[in-house]
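The values are calculated or read from the model by the stated rules, or taken from the named source; none is laboratory data. Computed from a predicted structure; not experimentally measured. Every residue, glycine among them, receives a Cβ derived from its backbone with ideal geometry; neighbour counts consider all protein chains shown.
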Amino acid sequence: MRVPVLTVIVCTYNRAPFLQLCLESVAAQIANDDDFNVIVVDNNSSDGTAQVVDAFVKKYDNFTYLFEPAQGLSHARNAGYKAAQTDFVAYLDDDATASSGWVGAILDAFANVKPQPLAVGGLIVPWYESAPPSWFTDDFEARKWGNHAQFLPASKARYGFAGGNLALNRSLLAQLGGFSTSHGMVGGQIRMGEETDLFHRIAAQNKERLAQAFWYEPRMKINHWTPVRNFLPAYRLQRARASGQAAAVIEGSTWGAARQILFAIKVVLTLPVAALKATVPKTAWMKARFSLAYVAGYLS
């Protein structure tokens with residue numbers, strides 16, 4: 001029996017039906033079960049989450065259930081990496097399904113990419129509850145850094161990857177104290193910025209290798225649930241504003257505020273041209289609204 005080198009961490013809160021699909025996708029990985037463990041962190045769920053996980057724990061030797069009473073995604077993520085005993089940890093959202101080669105792509109990146117990445121992130125494709133409105137574009141939900149595997153450029157590296165499809169060196173997480181509990185979702189409360197904060201801290205300690213720190217691997221693909229709620233402009237504006245507020249705390253500089261003001265001016269000035277070029281002009285208008293909400297949150 002091989003010693004596992006990766007622990008997949010799934011943090012969950014009251015999403016039992018989605019969790020079932022998520023864990024099925026993890027159990028169906030092409031990778032050998034001996035290569036990875038799975039920890040499901042139950043963050044105070046009141047539905048049938050524990051029963052869903054128990055069925056997998058009984059069926060698969062590499063699945064473990066962990067209860068984390070402190071409410072909040074960052075608390076759950078931190079509990080997961082602290083319980084892991086492998087060199088690397090990977091985070092997968094509970095409302096996502098991983099492609100069959102997801103684990104294999106992560107293991108391959110850490111084993112064969114030189115220099116060894118500090119973090120590996122993958123492709124996120126939206127999985128819609130229903131057909132989105134005409135103005136909606138996949139860009140609002142998808143996360144990708146091109147079509148080919150590559151290190152993120154140094155100029156963009158400190159923004160890193162989305163936490164729902166992310167793998168890291170566990171010792172690095174421990175060294176930095178994990179995810180900041182001042183950021184991230186807490187139950188149904190919208191708070192943002194936990195991944196950005198983490199990547200800013202990693203970048204600050206690894207300036208000399210920033211251009212070769214974070215590896216993007218499109219084979220590390222997940223389908224992420226997008227409910228009809230995400231089509232509501234009011235909801236997206238709320239998320240954009242929360243992201244801006246988190247960014248202001250993380251960056252905390254006068255130059256940051258000045259840069260946001262300049263960005264807002266650019267959005268306003270280029271909106272007419274963008275609308276004329278867009279296939280659906282309302283899409284350009286919506287993108288501008290979300291960008292301005294982010295700036296408003298940053299400056300608030």
Problem - Matching residues, the stretch 150-175, being over 18 Å from the mean Cα position of the chain (by Cα) and of a type in the set (A, V, I, L, M) - result: 154, 174
Completion exercise
Quick count over the stretch 39-65, residues being crowded, with 18+ Cβ neighbours inside 10 Å and in contact with a helix residue (DSSP H, G or I) (Cβ under 6 Å, 6 or more places away or on another chain), is 10
Completion exercise
Of (1) among the acidic types (Asp, Glu); (2) without any contact (Cβ under 8 Å) to a residue 24 or more places away in the chain; (3) closer than 22 Å to residue 210 by Cα, residue 138 satisfies every one except (3)
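Are there any helices (runs of 4 or more DSSP H) wholly within the stretch 94-210 with 3 or more residues that are among the basic types (Lys, Arg), and if so which? Working first, answer last.
Working: elements: 102-112, 154-157, 170-176, 194-205.
Qualifying helices (runs of 4 or more DSSP H): none found.
Considering only residues that are surrounded by 14 or more Cβ atoms within 10 Å (Cβ to Cβ) and among the small types (Gly, Ala, Ser), look in the stretch 19-38 and name the one that is nearest to residue 108 (Cα to Cα). Talk me through it step by step, then tell me what you get.
Filtering the stretch 19-38 down to residues surrounded by 14 or more Cβ atoms within 10 Å (Cβ to Cβ) leaves 19-23, 25-27, 29, 31-33, 35-38.
Now narrow it down to the ones that are among the small types (Gly, Ala, Ser): 25, 27, 31.
Working: 25: 19, 27: 18, 31: 11 Å.
The residue in question is 31.
Specify the residue that is farthest from residue 221 (Cα to Cα); the eligible residues are those in the stretch 147-194 that are hydroxyl-bearing (Ser, Thr, Tyr) and surrounded by 14 or more Cβ atoms within 10 Å (Cβ to Cβ).
Within the stretch 147-194, the first condition is being hydroxyl-bearing (Ser, Thr, Tyr), and the residues that meet it are 155, 159, 171, 180-182.
Applying the additional criterion that residues be surrounded by 14 or more Cβ atoms within 10 Å (Cβ to Cβ) yields 159, 180-182.
Values: 159: 19, 180: 26, 181: 27, 182: 29 Å.
Step by step, filter the stretch 147-194, then rank; the result is 182.
Using the structure shown, decide if residue 130 is modelled with pLDDT of 90 or more, out of contact with any Lys or Arg (no Cβ under 6 Å at 6 or more places or on another chain), of a type in the set (Ser, Thr, Tyr) and not assigned by TED's automatic domain parsing to the domain that holds residue 244.
Details: modelled with pLDDT of 90 or more: yes; out of contact with any Lys or Arg (no Cβ under 6 Å at 6 or more places or on another chain): yes; of a type in the set (Ser, Thr, Tyr): yes; not assigned by TED's automatic domain parsing to the domain that holds residue 244: yes.
Yes: the conditions hold for residue 130.
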Handout entry: Condition check for residue 259: assigned to a helix (DSSP H, G or I), modelled with pLDDT of 85 or more, outside the structural domain of residue 20 (by TED's automatic domain parsing) and of a type in the set (Lys, Arg)
Key = no
Problem - Single unsatisfied condition, residue 71 versus (1) assigned to a loop (DSSP other than H, G, I, E, B); (2) modelled with pLDDT of 95 or more - result: (2)
Problem - Search result, residues across the stretch 111-122 that are of a type outside the set (Lys, Arg) and surrounded by fewer than 20 Cβ atoms within 10 Å (Cβ to Cβ) - result: 111, 112, 113, 115, 116
